[in-house]
Amino acid sequence: MRGADNLGKLVLPDYRPFVPIVARAYLARPQYEPAVVGSWIALAHHIDTMFGQIQTRVRVEFVPDDPYPDYETMEHEVSKTGVMRVWTGGSDHPVWTPEQNWRFRAVHDYMIHMGGDHGFSLRGEIGAYNR
């Protein structure tokens, strides 16, 4: 740990060893757990509230192709145009509808990535998760 602002925080200088641990846990998880369905439903309600807040700041467009090659492009385009595009592919979820998944992506990208200036790199995704 370096600096007083890191007091009590886990600081990893290199996140790469963390990747296989997360990947194994992700692959080993159950696809559907009835015991946590209520948590997914509660999260969807929270996401709906946050999505409503986002729409007071930017217009969200759902699009079939991945709209941004990187974080910097997304941040620049959203800041310049006031429009945030969200990819609709890969939206299968055991509890949520595709539309709920899209709203989650919008909240994640706008409030978490852009709100915390966390890029789409490994370090940025871990920062987004922690935010």
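Bear in mind these aren't lab numbers, they're just calculated from the coordinates by the rules spelled out. Source: prediction; values computed, not measured. In this analysis, Cβ positions are derived from the backbone assuming ideal geometry, glycine residues included, and neighbour counts consider all displayed protein chains.
For the reader, a short list of remarks on this structure follows.
- This model, with +1 at the C-beta of Lys and Arg and -1 at the C-beta of Asp and Glu, gives segment 16-93 a dipole about its Cα centre of some 240 debye.
- Dipole of the chain computed with +1 at Lys/Arg Cβ and -1 at Asp/Glu Cβ about the Cα centre; of Ile41, Val60, Trp96, farthest Cα towards the positive end is Ile41.
- Residue list for segment 14-53, given a label point 7 angstrom along the Cα-to-Cβ vector of Glu99 and an amide N cut-off under 13 Å: 48
- Gyration tensor (alpha-carbon) shape descriptor, the chain, a/c threshold 1.5: oblate
- Distance between modelled label sites at Gln53 and Asp65, nm, 7 Å Cα→Cβ extension: 3.3
- Note on segment 59-104: Kirkwood hydrodynamic radius from all Cα pairs is 11.3 Å, rounded to one decimal.
- Between segment 23-61 and segment 105-131, the Cα center-to-center distance that results, in Å: 15
- Long-range amide H partners of Met84 with built H, under 5 Å: Arg59, Val60, Glu61
- Cα shape, segment 22-90, gyration tensor, a/c 1.5 rule: oblate
- Point-charge dipole on Cβ atoms (K/R +1, D/E -1) for the chain, about Cα centre, debye to 20: 380
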